[in-house]
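Novice: Handing you a structure now.
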Amino acid sequence: MIEITETAGTQLKTALDKKKADPGVCIRVEVTLSQGGVLKFDKERPGDKSVEFNNRKVLVLDEKAAAMYADRRLDFAEGKFCFDKTDEARRS
């Protein structure tokens, strides 16, 4: 399952708080052919995998995205979100 860093979790939660999103709204990782992983505001759907940060669901992925990013970590650096391999995936 995708991991998120403390920095990314804080940024996701801040984005949701600024939008004044109700508790059912999260940020979705959507896989597109042209852009790879895109982040957008959305509600959790049946079958989604979710990630919590500070007792708030902040990130949701459908099955396709969850499989694609299973060995990835979402981070926030230099003003943007980025996906990198987890430490465990790097050792393999």
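Novice: Hey, with R₀ at 25 Å, roughly what FRET efficiency would Thr5 and Lys64 work out to, going by the Cβ-Cβ distance, to 0.05?
Specialist: 0.60
Novice: Now for a separate question. Between 0 and 90 degrees, rounded to the nearest ten: what's the tilt of helix 6-19 against the longest Cα principal axis of the chain?
Specialist: Helix 6-19 sits at roughly 30 degrees to that axis.
Novice: Once every DSSP H run of n ≥ 4 in the chain is given -39500 (n - 2.57) and the sum is divided by its residues, what mean residue ellipticity at 222 nm do you get, rounded to the nearest 500 deg cm²/dmol?
Specialist: After summing the helix terms and dividing by residue count, I get -7500 deg cm²/dmol.
Novice: On to the next question. How high is the relative contact order of segment 3-78, in percent, with contacts defined as C-alpha pairs under 8 Å that are six or more residues apart? Walk me through the intermediate numbers first.
Specialist: Details: 111 pairs, mean separation 27.3, N = 76.
Across segment 3-78, relative contact order equals 36 percent.
Novice: A further question on this structure: Would you kindly state how much longer the chain becomes between Lys20 and Asn55 on full extension, computed as 0.36 nm times their sequence separation minus their alpha carbon distance, in nm to one decimal?
Specialist: 11.0 nm
Novice: Let me ask something else. Nearest-5 percent of antiparallel DSSP beta bridges in segment 3-78?
Specialist: That works out to approximately 70 percent antiparallel.
Novice: Sequence-distant or interchain residues sharing an amide H contact under 5 Å with Phe53, placed H: which?
Specialist: Val58
Novice: If you don't mind, another one. Given that just one value was derived from the coordinates, which of (i) 6.3; (ii) 5.3; (iii) 5.7 is mean projected area of the Cα convex hull in nm²?
Specialist: Label (i) holds the value from this structure.
Novice: Once phi is turned into θ = phi - 60°, what whole-Hz ³J(HN,Hα) does the Karplus curve with 6.51, -1.76 and 1.60 give for every residue of segment 49-57, x standing for Gly and Pro?
Specialist: Each residue's phi maps through the Karplus curve to give 9, 10, 10, 9, 9, 6, 6, 9, 5 Hz.
FYI, it's all coordinate maths here, none of it is from the lab. Note that the structure is a prediction, hence the values are computed from the model and not measured. Glycine also receives a Cβ, built like all others from the backbone with ideal geometry; neighbour counts cover every protein chain displayed.
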